[in-house]
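What follows is a short report on a single structure.
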Amino acid sequence: LQARPFAKAVAEWQLTGRVVSANNEGLPGVTVVVKGTTNGTTTGADGGFTLSVPETAGSLVFSYIGYQTQERKFSGAETLTIKLVEDTKALDEVVVVGYGTQKKGDVTGAIASFNAEKLQERPLARVDQALVGQLAGVQVKQTTGVPGRGFSVQVRGAGSITANNEPLYVIDGFPLEAAAQNASGRFGSGSPLDNINPNDIENIEVLKDAAAAAIYGSRAANGVVLITTKRGKSGKPKINLNTYAGFTQAVRKLDMLNADEWIDRSVEIINANWVNSGPGRLATQTTTERQAALKVTTIDPKYMIDDRWLQPGHPGLDFVDWQKEAFRTGFTQDVQLAASGASDFVNYYVSGDYLKQDGMVIGLGYKRYSARANVEVKASDKFKFGLNISPSYSITNDPGVEGKDNLLHLVVTSSPVVESTAGLNTNTGNFTYYNWGTTRNSPLRLLQNSIGDTRTFRTLGTIYGEFQIVKGLALRSTANIDNTDAESKSYTPAFVNGSLGSRQAAGSYSGFRKQTFVNENTLTYSKTLGGKHDITGLAGYSYNFTKLYAQALSATGGFVNQAVTTLNAATNISGTGSNYTTETQSALISYFGRVQYAYAGKYLLSASIRRDGSSRFGENTKFGVFPAASLGWRISQESFMQGITPISDLKLRASLGYSGNNGIGDYSSIATLGIYNYTFGGAQASGQAPNRVNNPDLKWERSRTYDVGFDFGVLKNRLTGSFDYYTKTSKDLLLNIPVLSAAGFSTQLTNIGEVVNRGLELELTSHNLVGAFQWNTSVNVSHNSNKVVHLGVGDAPIEIVSAYDIPNNILKVGQPLYSIYVVKQNGILSQSDIDGGAALYGSETVGDPKYVDANGDGKIDPNDRQIVGHPNPNYIWGVTNSFRYKGFDLSVLVQGQNGGSIYSLFGRAVDRTGTGQVDNVLGLYRDRWRSPEDPGAGQRGKAYSTFGRIKNTDWLYSSDYYRVRNITLGYDLGLIIKKSIAQGARVYVTAENFFGHDKYTGGFNPEAVNTGGGDNNFPVGVDYGGLPLAKSLILGLNFTF
Amino acid sequence: CEKDLDQTPLSSGSTPTFYQTQADFDQALSAAYAPLVAYPTRALNLSETRSDNIYGVDDLGVRDWAPVNNFSTALVNNPYVAEAWSGNYNGIFRVNTLLDQLANNGGVVADAARTRYEGEAKFLRAFYYFDLVRFFGKVPLIDKALVPAEVAKVPRTPVADVYNLIISDLQTAIANLPASYDGSVTADKPNVGRATSNAAKSLLALVYLTRSGPTYGIEGPGLATNEYTKALPLLNEVLNSGKYSFLASYPDIFSYTNENNKEVIFDIQFLSGGAGLGSDFPGLLVPDAYFTALKIPFASGGLEIRPIANDLLNSYPAGDVRKTFNFAQGYTSTTGFKETRWLMKKYLNESARGTTRTDWGINWIVLRYTDVLLMKAECILHGAGGSQAEVDDAVNRVRTRAGVTTKLTGVTLPQLMEERRRELAGEGSRWHDLVREGLVLTTINAWIPKEDTRNRMSRNVDANQIIYPVPQAERSAAPGLYDQNLGYQ
């Protein structure tokens, strides 16, 4: 009774209701507060709430992490249903920049963003693969078809001639040690993206211009790729199951002569050999007549054909299509399970993933097991603490498929005729090789029996703490470790190795441990003054230490037991050249700072500076300073623009900055000693001498980038896009410039030379149709051209020494990097050409190729080489169209490039003048010149040519291609599955690489790199038998519980 | 932490920490010998293959030695020519570095050793420069370790000046070095194969002989200086030193089990066993299929037969053991194909092979007693003194050992040179012998039409082709610094 008057005196209204998400699910934990008071509550498990308020009209404020805050007026007791909208706008508008994030509207640098949400809907093994065709200015080349191996990534062309051209990768703030592809297209001590599971990735940003990237100083010249992995989102814990499985096949085979055509060519060559071996010898003479003429009773395959060729059914001989034997239908599967969630105190994302790929060639395979845990604990309002850890293990099986003299090369060039007794076992076991055929071992048996396993265990870990000293001022410290242990084992059993009677097993073991430790400490201050001045300041210190341990052992002298493939069973392991352990280490110490200022969201300014000290630099040049600045003007925020309704967003940007490239290898500035032993009196005498020139001034390559661009949105952002123009001038290039050998060395690593890259980039996203049927298009197009501005002393052109004949690449001032420099082929020589004094190469005769006498001296020689192309494409582009109707979604990614050329040494291997009778050659030789009456298609000369060969345009191909990389059709099962079973479910089918076209008829893949075509100083990677792309058909499921 | 920026290599030495002890200098000296290992291969590719001893027509594709053999003038980018230049200068750089360091830090080396190091180093420098002069004529003269920018100021130096350094270096070597190391004393064992005063005398005599050769109107190795009288006493000193002898059996000179024998005055030493100290020269002129036929599991080396010229085979009288020891007629492949051309097996002993085809252990004899004996005869025939009887005796000793019973009298210079050809076949001497004696153009131009049944060789070899061109890489590295030899422009 006493209570009533009291209760009555404070009269209240009861407000009840439910807070739901867009799809009407109750949202638990939403904060409900009466505006301007501390009176409030949180929603229960079903999103319901009850709140008593004084009998005064007011507003309720509903707030929830990840959702837009909403206000609702009340003027009496009510039952409310509040639908909260996800705060996607706010998320979208924050972009990750180096050492922090920034509102998208305030960004003044050139940054390309890739929302990786779609990654889990595609059968991708690697992150680099996912980037193909997605971002303007980012060229991703699929240089290998071996599953699990890294691709080449270039941002805005190649600024460096010989040092690294790969970008710096930063995963969740952890800058990984940069690594360059070597000339064999491999990352010797691992690619930074090895074993990273693409399904764990939330977002990828590429910092392209110096203003955005220069905060990474001496490692930023090739751009910086920032990768952000997934975090938990607040709300109910989520469990995601993503799985797919499907088939892969080679997109194509190479058109080689078939067995009958190979025989036809063999007969022509052998007869010509015979005719040219002495007077009175005629092509019409039989084997018996030839034996009589030579006074022998044996068969000499150089002068006598296999008589069985011409007999019906070629008795005793088998015809083999080695490509058909070697290629197969591969199988791919992946299962990923992830759990994520967040509360006020903890944010977590935990995943496990298993991927298995059986390649499209026998023997190729890849398996990866990976896990990730990203956990962040908010210990108090001021202190956050987090751990990201990702262990992974992968196994690549590659019996040695790609590259010169490796299995694909043998598959293609092996003679397609074998003895029936041996069949596919030719030159293995107890069978010798076919008398008229290649002496190689059966490539099929090699693929089936050779071991080439690479096992990589990698752990990436970051531990960090963030402390808010005062409001707006935060100190963040991180400790990061990246540890990779990789080991490779190869073994070729005796029965598929060597020749009959001397078969011996061969094996090798090699491996490395690479450890990168990074400690970074940053202090960030941000403040808004007077509501209009947004200021953010950053100061930091970074310590980076990398150590690489490498080892190798090999044995060629046979194994004692054929059941044992480890080297303890090798007969002989000796020598130091291929047996070693080595260690290298490097340190990088950096100080950096940045100021970002925005006035009323209209006038934007950013400036950064970094001072890097590196152990790789010479003792006189330990530290380098890399400043950058950028300006932005958001015109659309100006009052005078408010009337112009079609334009919803417009920002102009301009930037200038300097960045460096320290990809010069450890100790390059120091005159190291080489070991040059000698022998006295039958005993080894150790010897040492300098193996290069000391250079205490050696330093980073320095790039200066100007960038101007604009971002725009029109028609309420139905069409958005950005445009950039840049000039990147790279100076002090690290060149192993040729020096006079009289100095004791043929080259010296020097900071000299200059290259300029200029380009245009355009990205457009258009929401063509909105509503029930949605159609979106994203387009990216970029143009880049590079040019050598300066080279070594006197700007003398540098011809890149080729391991195969005369140089075919040149570095020349005014020309693109590595311009292709060969003799032009121009039809086939006729007798009248020769009678008319056509220029000849050596002993050329009628039916041999006609070459262009560029210098007009009446003969063909290396001086007639001309620049006929350049390796880098002029344009790269990608177009993604996506459609959505009811539960269906469809997306199509088409990607391509134009304007570049390939000079293919693989083309040369399968298509060269004077190729002997045994090897198989391109199908192009079907229409070769056979006689003046039968001159063929005019592209290829006669089979029997003895003049030799010269690097010419026969092996020049356009690298233009377009390819439908991906077509994915999905259906949202959420429409037919009860929510109690799964919150979301989607089934999809994906076709990768099913359609496309390229002009590379001398190889399988226009982007392949697998063999060193240059020398140590200019290690140009070339194709010498790279795998074709795989096309795959995949069925997948995404479940969310 | 900034101390961490000072890193030194963990897995290799570096210059600042070297040249601190006598052992360091000993290693630096061994490293100065090491470039010699390229010499035998170079001699076979650029001297033997260039000469009338080899008719090397490539059958299986274009080989880098083909243009050397067929007198193409497209040689500026030839890898063997480039190697001859850079390989020798690499050796010269190591000698110069060693000599500079000896002058600056040599105090750590005992006096006797320092004298010897200097003598051996200068012998090597003379050796490398002499190889350069014989192949290229004028070469830049560099006698101390220079950085590349300094070297870029040194043009090609007249041959006469290069000879001056060669002769002065060899004279130092003669003064500084012991007469020989015969290995009979244990302490001498680690010295067998080192340069000696007798090696320096023999080389100096050859230098005088070469310099005395005709000029052919080119800036080549011959300066027509008529110094036979300077050479003869040096040769006599070597022959009479008592350290060497004329072995009774020709095959014994090259036996794997008789290395460092009494015939050897200076050789380049090899050791098989997979430590990278073996050589490829024994198998260089035979094809891969030869080893396959013998069931030797060598990896393919892209080798092709470089057949012995019929002209050389026919030069041997019946019963000459040198023909059957040096050469063999073909082989039968595993598939039954019979190669009938002759190949060089002089240095091959398949049972003593190493782990790979580049791991043969046999030494390469550069200077041997018989060579010196025949050089003496050459001097006499040029009027340096001595008698025709000495000449006839030298030639007949050589022939008798080879199993040739017919004795010669009144041996002429062409006869002497033909005897040298038979005796020293496969030793990289033939081309230089022809050049030195003014016989090269007549001999080669007469030989080609006889030998070249497949019509692959140039029919008009001229004086410019006596020396090789300056490699293009050298001319490109410092445009305008080196002029090109005539005939290769």
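The values are calculated or read from the model by the stated rules, or taken from the named source; none is laboratory data. All figures in this text were calculated on a predicted structure; none of them were measured in a lab. Cβ placement follows ideal geometry from the backbone for every residue including glycine, while neighbour counts extend to all protein chains displayed. These area figures cover heavy atoms from the full protein model, side chains too; ligands, DNA and RNA do not enter into them. Shrake-Rupley method; radii C 1.70, N 1.55, O 1.52, S 1.80 Å.
A few notes on this one:
- Multiplying the residue separation of A:Val470 and A:Ala57 by 0.36 nm and subtracting their alpha-carbon distance yields 145.0 nm.
- Cα-based Rg of the range A:259-325 normalised by 2.2 N^0.38 Å, two decimals: 1.23
- Surface exposure of chain A, expressed per residue as accessible area with a 1.4 Å probe, stands at 40 Å².
- Shown here: the range A:243-375, whose C-alpha atoms stretch 98, 28, 23 Å along the first, second and third principal axes, sorted largest to smallest.
- Karplus-based coupling profile of the range A:167-181, in residue order and whole Hz: x, 7, 9, 10, 9, 6, x, 9, x, 7, 4, 5, 9, 9, 5, with θ = phi - 60° in 6.51 cos²θ - 1.76 cosθ + 1.60 and x standing for Gly or Pro.
- Separation between Cα centres of the range A:779-832 and the range A:97-167, rounded to whole Å: 28
- Sorted largest first, the principal axis extents computed over the alpha-carbon atoms of the range B:350-444 equal 49, 31, 21 Å.
- Applying 1/(1 + (r/R0)^6) with R0 = 30 Å to the Cβ-Cβ distance of B:Ala352 and B:Phe246 gives a FRET efficiency near 0.75.
- Total formal charge among the other residues, if their Cβ is under 12 angstrom from that of A:Val377, Lys/Arg +1 and Asp/Glu -1: -1
- Tail weight of P(r) past 25 Å, computed on alpha-carbon pairs of the range A:89-232, percent: 22
- Residues B:Asp143 and A:Leu500, FRET efficiency given R0 of 45 Å [Cβ-Cβ distance, rounded to 0.05]: 0.20
- The range A:333-353 versus the range B:282-349: alpha-carbon centroid distance in Å: 71
- The range A:107-195: relative contact order in percent, alpha carbon pairs under 8 Å with at least 6 residues between: 21
- Here the contact order of the range B:205-299, divided by its residue count and restricted to Cα pairs under 8 Å and six or more residues apart, works out to 14 percent.
- Taking amide H as placed 1.01 Å from N in the peptide plane, the amide H of A:Asn966 sits under 5 Å from that of A:Leu893, A:Asn993, each at least 5 places away or on another chain.
- What the phi angles of the range A:532-545 give under the Karplus curve with 6.51, -1.76 and 1.60, with θ = phi - 60°, is a coupling list of 10, 9, 9, 10, 10, x, 9, 9, x, 9, 9, 10, 10, 9 Hz, glycine and proline written as x.
- Considering only A:Leu538, A:Gly618, A:Ser370, and ranking their Cα positions along the charge dipole of the protein assembly as shown that arises from unit charges at the beta-carbon of Lys, Arg, Asp and Glu, the one farthest toward the positive end is A:Leu538.
- In angstrom, the C-alpha Rg and Dmax of the protein assembly as shown are 38.1, 155.
- Amide H to amide H distances under 5 Å link B:Ser333 with B:Lys338, B:Glu339, where only residues 5 or more positions off or on other chains count and H is placed in the peptide plane.
- Residue-count net charge about B:Lys338 - beta-carbon cut-off 12 Å; Lys, Arg +1, Asp, Glu -1: +1
- Residue-wise HN-Hα couplings along the range A:304-318, as the Karplus relation 6.51 cos²θ - 1.76 cosθ + 1.60 with θ = phi - 60° gives them from phi, are 10, 7, 7, 4, 5, 4, 8, 7, x, x, 5, x, x, 10, 10 Hz; Gly and Pro carry x.
- Of all lysines in the structure, the ones whose alpha carbon falls short of 23 Å from that of A:Lys622, not counting any fewer than 8 places away in one chain, are A:Lys547, A:Lys699, A:Lys731, B:Lys3.
- Relative intensity of the range B:412-455 on a log10 scale, I(q)/I(0) at q = 0.15, 0.28, 0.29, 0.34 Å⁻¹, equals -0.39, -1.04, -1.07, -1.16, per a Debye sum over C-alpha point scatterers of equal strength in the absence of solvent.
- Among residues other than A:Ala991 with Cβ under 11 Å from its Cβ, the summed charge is +2 (Lys and Arg +1, Asp and Glu -1).
- Projected label distance in nm at A:Ala11 and B:Thr73, using a 7 Å step from Cα toward the beta-carbon: 11.9
- The value obtained for the range A:602-673, namely the Cα convex hull volume divided by the number of residues, is 89 Å³ per residue.
- Amide N proximity, the range B:211-230 versus B:Asp161 label position 7 Å along Cα-to-Cβ, cut-off under 17 Å: B:219-221
- For the protein assembly as shown, with +1 on Lys and Arg beta carbons and -1 on Asp and Glu, the positive-most of B:Gly301, A:Tyr658, A:Leu969 along the dipole: A:Leu969
- A:Tyr597 versus B:Lys450: modelled label distance in nm, points set 7 Å from Cα along the beta carbon direction: 9.3
- Distant-in-sequence amide H partners of A:Gly150 (H built 1.01 Å from N, under 5 Å): A:Phe187
- Reachable lysines from A:Lys850, criterion Cα separation under 19 angstrom, eight or more residues apart if same chain: A:Lys824, A:Lys859, A:Lys942, A:Lys951
- Solvent-accessible area, 1.4 Å probe, carbon plus sulfur percent, for the range A:388-545: 56
- Mean shadow area of chain B, taken as a quarter of the surface of its Cα convex hull (nm²): 25.5
- Protein-protein interface of the range B:443-471, residues with accessible area decrease of at least 10 Å², isolated chain reference, 1.4 Å probe: B:Arg454, B:Arg456
- Leading residue at positive end of dipole, chain A (Cβ point charges), from A:Tyr216, A:Gly76, A:Met256: A:Gly76
- Using a cutoff of 8 angstrom between alpha carbon atoms and counting only pairs six or more residues apart, the relative contact order for the range B:80-180 works out to 36 percent.
- Two-decimal log10 I(q)/I(0) for the range B:242-286, as the Debye equation yields it once each C-alpha is a single scatterer, q = 0.31, 0.32 Å⁻¹: -1.17, -1.19
- Accessible area buried between chains A and B, both sides summed, probe 1.4 Å, in Å² to nearest 100: 5800
- Listed residue pairs exceeding 27 Å between alpha carbons, taken from A:Lys728/A:Lys999; A:Lys208/A:Lys787; A:Lys73/A:Lys238; B:Lys122/B:Lys262; B:Lys144/B:Lys243: A:Lys728/A:Lys999; A:Lys73/A:Lys238; B:Lys144/B:Lys243
- The range B:2-59 and the range A:840-916: distance between their alpha carbon centers, rounded to Å: 39
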